[in-house]
Amino acid sequence: MKLSKLVCLVLFCACINKAFSQDGNLYLFNEKWEQATDLKKAKYLLELRKVNDSSWQGWYYNFNGPLLRIESYKNIDTQALDGECTIFKPSGYIDSVSNYKNGVLDGSTYCFSDSNKCIKEVIFSKGKIVKELSQAEREASIKVNTGLSSIEIESSFPGGTGAWGKYLTKNLKYPERAFNHNFQGNVVLQFIVLEDGSLTDIEIYHSVEYSLDKEALRMLQNSPKWLPGQKNGVNVKTYKRQPITFRLQ
C-alpha cells in the first residue's frame with residue numbers, strides 16, 4: 001500500500017471539529033485502501049507516530065471503530081516491519097503480538113483466544129519456527145522465570161479505587177469527536193509498574209475508537225506514580241491491566 005500524504009490535513013482536522021490530534025501524520029483510506037479525501041467515504045484511518053529517531057509506528061484504525069493493527073518500523077520510508085506488531089480482533093481485543101527484525105519474524109509471537117487468554121507462543125528465528133509453547137507450558141515457564149505467583153502485594157493506584165476515580169473525574173477530557181458521534185466503551189490498557197512505582201510499556205489491550213484510545217493512553221501516561229507490588233517485603237515489577245470507561249449521560 002503506497003501512502004501519499006493528505007494535502008488538506010489541517011482542513012481535515014478542522015472538518016471533524018479538531019477531533020484528531022495534530023501530532024504525527026494522519027491518512028484516510030476508503031474501503032479499497034485508496035486515499036480518501038471525502039470524510040463520508042473514509043473507512044480507515046492511519047496515524048504514523050514517531051517513537052524516537054530510529055523507530056516509528058503505524059496505528060491502523062477502523063474510521064469509526066477499534067484498532068486493526070499496530071506496526072513498528074525502523075525506516076519510515078520502506079516501512080519494513082521491525083519491532084513489536086499487534087493485530088486486533090473485530091471486537092477490539094488483541095488477536096496476536098509478533099516481533100519482527102528487518103521485515104521477518106524474529107522472536108516470540110503470542111496468539112490469543114476469543115476469551116483473551118494467551119493460548120500459544122511461537123518462537124521464530126529469522127522467519128523460521130524454532131519452538132512452540134502451549135498455554136500450559138508458557139504459564140509454567142512464566143511462573144518459574146518471574147515468580148509472579150508468589151507476589152504478596154499487588155501494585156495499585158495511590159489511595160485505591162476511590163482515588164483512581166477522583167483522578168479520572170478531575171483529569172479525563174471526553175474527546176469532542178467521541179462526544180459528537182456518541183462513541184462509548186471500555187478502553188483497557190496493559191502496562192508495567194516498576195519497583196519505584198513509575199509506569200512503563202503502556203499499551204492498548206482493548207481498543208474502542210481512535211479518540212477514546214488516545215485519551216485513555218494520556219490518562220495513564222500522565223498518571224502519578226503507583227504503589228509498587230511487593231514480594232518478601234521488597235518492591236518488585238508487576239504487570240497490570242486497567243480499564244478506563246467512557247460513558248455519555
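Looking at residue 87, is it among the hydrophobic types (A, V, I, L, M, F, W, C), surrounded by 14 or more Cβ atoms within 10 Å (Cβ to Cβ) and modelled with pLDDT of 95 or more? Break it down stepwise before answering.
On the way: among the hydrophobic types (A, V, I, L, M, F, W, C): yes; surrounded by 14 or more Cβ atoms within 10 Å (Cβ to Cβ): yes; modelled with pLDDT of 95 or more: yes.
It is true that residue 87 is among the hydrophobic types (A, V, I, L, M, F, W, C), surrounded by 14 or more Cβ atoms within 10 Å (Cβ to Cβ) and modelled with pLDDT of 95 or more.
Checking residue 47 against (1) under 16 Å from residue 177 (Cβ atoms); (2) in a loop (DSSP other than H, G, I, E, B); (3) at pLDDT 85 or above, only one condition comes out false. Which one?
Only one criterion in (1) under 16 Å from residue 177 (Cβ atoms); (2) in a loop (DSSP other than H, G, I, E, B); (3) at pLDDT 85 or above is unmet by residue 47, namely (2).
If you scan segment 161-205, which residues turn out to be of a type outside the set (D, E, K, R), surrounded by fewer than 14 Cβ atoms within 10 Å (Cβ to Cβ) and either touching a Gly at 6+ places or on another chain (Cβ under 8 Å) or at positive phi (or both)?
Of everything in segment 161-205, just one residue is of a type outside the set (D, E, K, R), surrounded by fewer than 14 Cβ atoms within 10 Å (Cβ to Cβ) and either touching a Gly at 6+ places or on another chain (Cβ under 8 Å) or at positive phi (or both), namely 182.
Looking at segment 164-212 only, could you name the residues that are β-branched (Val, Ile, Thr) and over 23 Å from residue 62 (Cβ atoms)?
Narrowing segment 164-212 to residues β-branched (Val, Ile, Thr): 169, 187-188, 192-193, 200, 202, 204, 208.
Scanning segment 164-212 gives 169, 192, 193, 200.
Do the conditions hold for residue 208, that is, is it buried (at least 18 other Cβ atoms within 10 Å of the Cβ), among the β-branched types (Val, Ile, Thr) and out of contact with any Asp or Glu (no Cβ under 9 Å at 6 or more places or on another chain)?
Values: buried (at least 18 other Cβ atoms within 10 Å of the Cβ): yes; among the β-branched types (Val, Ile, Thr): yes; out of contact with any Asp or Glu (no Cβ under 9 Å at 6 or more places or on another chain): yes.
Yes; evaluated as a whole, the condition is true for this residue.
Consider residue 218 against the criteria (1) of a type in the set (Lys, Arg); (2) within 17 Å of residue 61 (Cα to Cα); (3) free of Cβ contacts under 8 Å to residues at least 40 places away in the same chain: it satisfies all of them except one. Which criterion is unmet?
Of the numbered conditions (1) of a type in the set (Lys, Arg); (2) within 17 Å of residue 61 (Cα to Cα); (3) free of Cβ contacts under 8 Å to residues at least 40 places away in the same chain, the odd one out for residue 218 is (2).
Just one of the numbered conditions (1) surrounded by fewer than 12 Cβ atoms within 10 Å (Cβ to Cβ); (2) in contact with a Phe, Trp or Tyr (Cβ under 8 Å, 6 or more places away or on another chain) is not true of residue 247; which one?
Residue 247 satisfies every listed condition except (2).
Okay, residues lined up against (1) within 27 Å of residue 64 (Cβ to Cβ); (2) at pLDDT 95 or above; (3) in contact with a Leu (Cβ under 8 Å, 6 or more places away or on another chain); (4) not β-branched (Val, Ile, Thr):
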{"position": "159", "(1), (2), (3), (4)": "no, yes, no, yes"}
{"position": "174", "(1), (2), (3), (4)": "yes, yes, yes, yes"}
{"position": "189", "(1), (2), (3), (4)": "yes, yes, yes, yes"}
{"position": "205", "(1), (2), (3), (4)": "yes, yes, yes, yes"}
{"position": "214", "(1), (2), (3), (4)": "yes, yes, no, yes"}
{"position": "219", "(1), (2), (3), (4)": "yes, yes, yes, yes"}
{"position": "228", "(1), (2), (3), (4)": "no, yes, yes, yes"}
{"position": "231", "(1), (2), (3), (4)": "no, no, no, yes"}
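Is there a residue in segment 196-210 that is free of Cβ contacts under 8 Å to residues at least 12 places away in the same chain, among the β-branched types (Val, Ile, Thr) and part of a strand (DSSP E or B)? Step through it out loud before you land on a result.
Filtering segment 196-210 down to residues free of Cβ contacts under 8 Å to residues at least 12 places away in the same chain leaves 200-201.
With among the β-branched types (Val, Ile, Thr) added as a condition, the list becomes 200.
Narrowing further to those that are part of a strand (DSSP E or B): 200.
Yes, because at least one residue in segment 196-210 is free of Cβ contacts under 8 Å to residues at least 12 places away in the same chain, among the β-branched types (Val, Ile, Thr) and part of a strand (DSSP E or B).
The values are calculated or read from the model by the stated rules, or taken from the named source; none is laboratory data. Note that the coordinates shown come from a computational prediction; the quantities given were computed from them, not determined experimentally. Note: ideal-geometry Cβ built from the backbone for every residue, glycine included; neighbour counts use all protein chains shown.
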